[in-house]
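The values are calculated or read from the model by the stated rules, or taken from the named source; none is laboratory data. Note that the coordinates shown come from a computational prediction; the quantities given were computed from them, not determined experimentally. So basically every Cβ, Gly included, is an ideal-geometry build from the backbone, and we count neighbours across all protein chains shown. Note: areas computed on protein heavy atoms with side chains; ligands, DNA, RNA excluded. Shrake-Rupley method; radii C 1.70, N 1.55, O 1.52, S 1.80 Å.
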There are 2 protein chains.
Amino acid sequence: MIKREKVKDLLVTTTFGKEVIVMGWVKTFRNNQFIALNDGSCMANLQVVVDFEQTPDEILKKITTGAALKITGKLVESLGKGQTVEVKASSVEILGESDAEKFPLQPKKHSLEFLREIAHLRFRTNTFNAVFKIRHHLAFAVHQFFHERGFVYLHTPIITASDAEGAGEMFRVTTLDFDKTPRTETGEVNFKEDFFGRSANLTVSGQLEGELGAMALGEIYTFGPTFRAENSNTTRHLAEFWMIEPEVAFADIEDNMNLAEDLLKYVIKHALENCKDELEFLKNRLLEEEKNKPQAERSELNLLEKLHFCLDNNFERLTYTEAIEILKRSKPNQKKQFNYIIDEWGADLQSEHERYLVEKHFKKPVILTNYPADIKSFYMRQNDEEVNGQKTVAAMDILFPGIGEIVGGSQREERLDKLTQRMQDMGIPQDELYWYLDTRRFGSAPHAGFGLGFERLVLFVTGMTNIRDVIPFPRFPKNAEF
Amino acid sequence: MIKREKVKDLLVTTTFGKEVIVMGWVKTFRNNQFIALNDGSCMANLQVVVDFEQTPDEILKKITTGAALKITGKLVESLGKGQTVEVKASSVEILGESDAEKFPLQPKKHSLEFLREIAHLRFRTNTFNAVFKIRHHLAFAVHQFFHERGFVYLHTPIITASDAEGAGEMFRVTTLDFDKTPRTETGEVNFKEDFFGRSANLTVSGQLEGELGAMALGEIYTFGPTFRAENSNTTRHLAEFWMIEPEVAFADIEDNMNLAEDLLKYVIKHALENCKDELEFLKNRLLEEEKNKPQAERSELNLLEKLHFCLDNNFERLTYTEAIEILKRSKPNQKKQFNYIIDEWGADLQSEHERYLVEKHFKKPVILTNYPADIKSFYMRQNDEEVNGQKTVAAMDILFPGIGEIVGGSQREERLDKLTQRMQDMGIPQDELYWYLDTRRFGSAPHAGFGLGFERLVLFVTGMTNIRDVIPFPRFPKNAEF
């Protein structure tokens, strides 16, 4: 028996005349003769030529878009345009029919909104084949990058009883019954009766646990799902998303910036080298889409140019204080075009400001450092020098064109007294985080880390514009379909 | 400024005389002179020699177990036993002290139970350094295996509204308040008001969504957290664990068995090649532990021999029916030593039976196939032949010595009529799973897949005996600490 071969492999085979078996789904069927067959192994289709005089009618009429076929035939040189090989079918077996009247994916252009409604079938389109192949390659490159550098992949917990970090609204995880909720004597919900014996949530970040790993194993990274129960219906937020969080002992904020820049460049390079067809397709898709826009709104660089531009330039590094000066003097600030006018040092930067810096002012990725302590988390290291008599922390955010913040990180506060003082100031309970503080009690050391939102990275590399289109089954308010 | 070097690299350096900076934690400090320094990069320590006459007393007394140090000094050839290099310190800086009275990890043997209580610090022990390094390497090898074969890594959802699969008890995910629970007119909890507009849970498996991916992309795998809200306090169960679930279009149960056997051998081989020191350490740890056991209870093979044995032998493949015959005739069954006596075909196999087959009868990994339909899931493909007039399904479970079931999989039922009939028989709602059935409506095709419990794999390769010791922060009933 001969083995089934993948379309991807056959398309580059030149041993013409050999007998092959290939299976896949019909994209189109022209003139009762030419099947474009796709098996998911690549975006390209294999042309299968059917001898319609020798093929029974009941088979021919079942060769419809979406049907699954098993083709036995001979691999021959193709005289058609756009392909070098085709298969001359000696037998066509219908594995699974597809009723042309009912199959939602017709051979025409569908809107991304429509495809989102049928996320279980959108994998069969060229666009989503490309997006999820690139997503795969980016994920693999992330693992490879850290593996090569000796980092340990650490699975930090998804369910956590710690709600002290304050990174956002959380989902409760429970086995308690709303109808028979156990109560304490004073009438409160008795979480001692819950599965974990206490109130538990879905994690918003693996960082704190990641630090525990780094303070022993040296260099770790997480790559797992994180959650926000925020009611935001935007093109940039999900309730469930994947995050990459490295944490490095004996590293400072400089090491941290270098690591993040190296990582981003490594994975983008990997995608450029391994996803040529997919990126080419998405580039053209974007160009096509922009044709409907006024000239002024079109991108200056196409997708491939944008990716190369990121690789070929050093990210611009500047302090928050320098950024505020630039923003204050900027046209949109002076002309009051920003929704939030930058008046003074201490303001939290909005997406519009981040994008101005990246897209208009520097025209390349930017790393902002040394933010005001007041607008950042408790665990960030306090800088020795103050700015205008105000405290700053050794934070670093990386801003990308079209995306805004793609990485947020910092050197961590390793000094027990400074850390506990700040927790006290911010009302963060120290008892609950005794294990976090233990790393500062027993052999504390400088260390740093960051979080990279994986979907934002996939957005950037694929050029897609809605985050719901770069994760297989997006979760957002009122949606947990599939 | 010279750069900090890792202990792992220094230990294989032979450019003696060069100036180095190294940072790490003190394991031991002997004779006010010899520091065993570990930075997590490997299990081995670097010997640092302190000139105690030139070093201030207040520094010397802070060189305690667990303290973090920055050492500047010269790399020299070591005359001591068990090492080829050491560092002659010219300066010792205390990065973080560690109060010897309070530091829980004293330089002596601690029980695994005790270390589980301080999971945030146990990474600093040799045992857990080894376990989590091996865990990393196994995870990386899994990704590499599938990447090399052209599989797409698919992130299936963690939060799901589908509760139809019946793989186990689930955790509810909610933002509803127990104190102000919204109710419908008839008094039921109104989940329309919940975050996702419906009742939602943590996933028990990504398989069903994985099938959607495979039926378009051809070959996918998941590697993510899955959950069971089962009140089991055993050494083999966790409430949160990681699972690997490949799904392959156009594959049958034979392909599926081959894929699973290839995967297991690939990752075990990777660990043997890349974790020599760690496996050697764990092998000796086990031998040491077994010294306290009676001869009869000791393992016949040591850890390394056991791993090699798995690589060097084909897994024994037999049907459930054949296994039942063997078990019926077995000594422990005839002598009624099993807790569950095997009387007849149709019995669900217990762990004791699986282990008898693997450890006593075949003495190698076993793949059991073609189980009775009645004890397996709705989505498994129904075999054409019946056994004793009873239906069987194309299921396959892989059983490993000491572990029992490590892989569970099947060819999937691709025939819409057979699938819906079975769902009806088993009371599984078809409306809710319309998207799953759509893959059978539009271009259905034979396909197969399996689930591999990652922690069980890590248990097997590390030789650890409690699953809580192979995941960084285990979740189980009444425990969500850290």
**Message:** With a 1.4 Å probe and all protein chains left in place, how much accessible area per residue does chain A have, in Å²?
**Reply:** 42 Å²
**Asked** Do any GluC sites (Glu not before Pro) in region A:187-243 lie in a loop, going by DSSP, with at most 13 other beta-carbon atoms within 10 Å of their beta carbon, and if so which?
**Response** A:E188
**Request:** Go through region B:470-476 residue by residue and turn each phi into a ³J(HN,Hα) via Karplus (6.51, -1.76, 1.60, θ = phi - 60°); whole Hz please, and just put x for glycine and proline.
**Result:** 10, 10, x, 10, x, 10, 8
**Asked** Given R₀ = 41 Å, FRET efficiency for A:T184-A:Q390 by Cβ-Cβ distance, to 0.05?
**Response** 0.40
**Asked** In nm, one decimal, shortest first: how far is the label point of B:Q424 (7 Å from Cα along Cα to beta carbon) from the matching points in the other copies?
**Response** 7.1
**222 nm mean residue ellipticity, helices alone, for chain A (DSSP H n ≥ 4; -39,500 (n - 2.57); rounded to 500)** = -8500 deg cm²/dmol
**Message:** At a cut-off of 10 Å², which residues of region A:117-138 become less accessible once all protein chains are present than in their chain alone, using a 1.4 Å probe?
**Reply:** A:H120, A:L121, A:F123, A:R124, A:N129, A:F132, A:K133, A:R135, A:H136, A:H137
**Prompt:** Could you give, in nm with one decimal, how far B:T181 is from each other copy of that position, shortest first, with labels 7 Å out from Cα toward Cβ?
**Reply:** 0.7
**Item:** Reachable lysines from A:K335, criterion Cα separation under 19 angstrom, eight or more residues apart if same chain
**Value:** A:K360
**Item:** Long-range amide H partners of B:C42 with built H, under 5 Å
**Value:** B:K8
**Request:** Using the structure shown, select from A:K6/B:K418; B:K269/B:K291; B:K108/B:K291; A:K306/B:K3; A:K328/B:K3 the pairs with a Cα to Cα distance greater than 30 angstrom.
**Result:** A:K306/B:K3; A:K328/B:K3
**Message:** With a 1.4 Å probe and all protein chains left in place, how much of the accessible area of chain B comes from carbon and sulfur atoms, in whole percent?
**Reply:** 45 percent
**Estimated inter-spin distance, B:D51 and B:E169, nm [label 7 Å along Cα→Cβ]** = 6.6 nm
**Request:** At a 1.4 Å probe radius, which order do B:R355, B:R172 fall into by accessible area, largest first?
**Result:** B:R355, B:R172
**Request:** Starting from the Cα of B:N313, step 7 Å along the direction of its Cβ; do the same at A:S111; then give the gap between the two resulting points in nm.
**Result:** 6.1 nm
**Message:** Counting only protein heavy atoms, probe 1.4 Å: which residues of region A:26-66 lose 10 Å² or more of accessible surface in the full assembly compared with their chain by itself?
**Reply:** A:D39, A:G40
**Request:** Can you pull out the buried accessible area for chains B and A, both sides counted, probe 1.4 Å, rounded to the nearest 100 Å²?
**Result:** 9000 Å²
**Request:** Rounded to whole Hz and in sequence order, give me ³J(HN,Hα) for region B:132-144 from the Karplus expression 6.51 cos²θ - 1.76 cosθ + 1.60, θ = phi - 60°, writing x for Gly and Pro.
**Result:** 7, 5, 5, 4, 4, 5, 5, 4, 5, 5, 4, 4, 5
**Asked** Between region A:131-191 and region A:335-374, what's the alpha-carbon centroid distance in Å?
**Response** 31 Å
**Message:** Once ligands and nucleic acids are excluded and a 1.4 Å probe is used, how much of A:L349 is accessible, expressed in Å² to the nearest 10?
**Reply:** 20 Å²
**Pairs of Lys in region B:7-107 closer than 21 Å at Cα, counting only those 8 or more apart or on different chains** = 24
**Prompt:** Rank B:L287, A:L304, A:L419 by accessible area, highest first, at a 1.4 Å probe radius?
**Reply:** B:L287, A:L304, A:L419
**Request:** Starting from the amide H of A:V393, placed 1.01 Å from N in the peptide plane, find each other amide H under 5 Å away whose residue is 5 or more places distant or on another chain.
**Result:** A:Y371, A:A373, A:N383
**Item:** Sequence of B:R285, B:R122 from largest to smallest accessible area, 1.4 Å probe
**Value:** B:R285, B:R122
**Message:** Projecting each Cα onto the charge dipole of region A:7-107 (Lys/Arg +1, Asp/Glu -1 at the beta carbon, about the Cα centre), which of A:L105, A:L60, A:A89 comes out farthest on the positive side?
**Reply:** A:L105
**Positive-end residue, region B:295-452 charge dipole about Cα centroid, Cβ charges, pick of B:P401, B:L349, B:S377** = B:P401
**Fill in**
Inter-part gap, Cα centre of region B:22-67 to Cα centre of region B:243-290, in whole angstrom, is 37 Å
**Asked** What does the accessible area of A:F151 come to, in Å² to the nearest 10, when a probe of 1.4 Å is used?
**Response** 10 Å²
**Item:** Across the identical copies, how the A:R198 labels are spaced - nm, sorted shortest first, 7 Å along Cα→Cβ
**Value:** 3.4
**Item:** In Å², nearest 10: area of A:M426 left accessible to a 1.4 Å probe
**Value:** 80 Å²
**Fill in**
Applied in sequence order to region B:275-283, the curve 6.51 cos²θ - 1.76 cosθ + 1.60 (Karplus, θ = phi - 60°) yields integer Hz couplings, x standing for Gly and Pro, of 10, 4, 5, 5, 5, 4, 4, 5, 4
**Fill in**
The farthest towards the positive end of the charge dipole of the protein assembly as shown, of the residues A:S444, B:L154, B:V12, given +1 on Cβ of Lys and Arg and -1 on Cβ of Asp and Glu, is B:V12
**Asked** How many nm is it between the label spots at A:E273 and A:T15, if each spot is 7 Å from the Cα in line with the beta carbon?
**Response** 2.9 nm
**Message:** Taking amide H atoms as placed 1.01 Å from N in the peptide plane, list the residues 5 or more away in sequence, or in a different chain, whose amide H sits under 5 Å from that of B:T226.
**Reply:** B:F241, B:W242, B:M243
**Message:** What whole-number volume per residue, in cubic angstrom, does the convex hull of the C-alpha atoms of region B:278-430 give?
**Reply:** 154 Å³
